[in-house]
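Okay, so here's the structure we're looking at.
The values are calculated or read from the model by the stated rules, or taken from the named source; none is laboratory data. Note that the structure is predicted; figures quoted are calculated from it, not measured. Virtual Cβ from ideal backbone geometry, glycine too; neighbours counted across all protein chains shown. Surface areas here come from the heavy atoms of the whole protein model, side chains and all, with no ligands, DNA or RNA. Shrake-Rupley method; radii C 1.70, N 1.55, O 1.52, S 1.80 Å.
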Amino acid sequence: ETGVTQTPRHLVMGMTNKKSLKCEQHLGHNAMYWYKQSAKKPLELMFVYNFKEQTENNSVPSRFSPECPNSSHLFLHLHTLQPEDSALYLCASSHDVMEPGQKVGELFFGEGSRLTVL
Amino acid sequence: GESVGLHLPTLSVQEGDNSIINCAYSNSASDYFIWYKQESGKGPQFIIDIRSNMDKRQGQRVTVLLNKTVKHLSLQIAATQPGDSAVYFCAENLTKTGANSKLTFGKGITLSVRP
């Protein structure tokens, strides 16, 4: 267990559906991330939240809508997705990089939500 | 553009042998490097890191080597075990940006351990 829990683990949805992915971390971290992992491609950063504030939106289409109600929870709301959005969506958390003594770059990942868009 | 890449897509080793996984990075300003391991059905897991002011760092059965002259990073696994079978990612970061959002991952290489 990494301390980062993602639900659901698997999701199949049609292009007109609306669904949400959930991530919860029990590590006391202040930063949370959404990554997209497609076959044969590097991990793609989608969004970053630091102290509940979005600090990075990596040119992600508006059909992906993140929500971070508090430092422990992160959602990814999905609507009108395309088949090419099928991928493994990984949530991660980390300490605030500015805190002294913390390992810079040590992200703790959840096990991912495998999304299939039909 | 800047990129982090891995030389080989797959690596097959005999159980008990040493494994060496290589990675090239292109951003000469990167000052922090990390290796992650991703087992089937799981998310990536931190293995070991190294800062640019070092050229070698050892962990338990793993060693990371950094050659800044040729912008090359390698992960050495001693006495490879079946549990080491996974996809390995190198990643680079520019820490002065003050954010882990600048962490750039490579494509990943699959390590397969033969019994």
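To the nearest hundred square angstrom, how large is the accessible surface buried between A and B, total for both chains, probe 1.4 angstrom?
The summed interface area works out to 1800 Å².
On a straight-distance basis, which aspartates and glutamates could pair with B:Lys107 in a cross-link, Cα separation under 14 angstrom, same-chain partners fewer than 8 positions away excluded?
A:Glu44, B:Glu2, B:Glu92
Could you rank the peptides B:29-36, A:67-74 by their average count of other C-beta atoms within 10 Å per residue, with the highest value first?
Taking the mean over residues of other Cβ atoms within 10 Å, the ranking is B:29-36, A:67-74.
Here is the link list: A:Lys52/B:Lys68; A:Lys19/A:Lys41; A:Lys22/B:Lys68; A:Lys52/B:Lys71; A:Lys41/B:Lys56; A:Lys52/B:Lys37. Which ones come out longer than 30 Å on Cα distance?
Too far apart for the 30 Å limit: A:Lys52/B:Lys68; A:Lys22/B:Lys68; A:Lys52/B:Lys71.
How large is the charge dipole for chain A, taken about the Cα centre, if only the Cβ atoms of Lys, Arg (+1) and Asp, Glu (-1) carry charge, to the nearest 20 debye?
It works out to roughly 460 debye.
Give me the percent of Cα-Cα pairs in chain A that sit more than 17 Å apart, rounded to a whole number.
Of all Cα-Cα pairs in chain A, 52 percent lie more than 17 Å apart.
Leaving out ligands and nucleic acids, and using a 1.4 Å probe, what accessible area per residue does the protein assembly as shown come to in Å²?
I get 48 Å² per residue for the protein assembly as shown.
On each of the three principal axes of the Cα atoms of the protein assembly as shown, give max minus min coordinate, whole Å, ordered largest first.
50, 41, 35
Would you mind checking which residues have amide H under 5 Å from B:Ile48's amide H? H placed 1.01 Å from N; only 5 or more apart, or other chain.
B:Trp35
Tally Lys and Arg at +1 and Asp and Glu at -1 over the other residues with C-beta under 10 Å from the C-beta of A:Leu43: what net charge comes out?
Summing Lys/Arg as +1 and Asp/Glu as -1 gives +2.
Can you pull the accessible area of A:His95 for me, 1.4 Å probe, Å² to the nearest 10?
60
Collect residues whose amide H, placed 1.01 Å from N in the peptide plane, falls under 5 Å from the amide H of B:Ser85; neighbours closer than 5 in sequence don't count.
B:Val113
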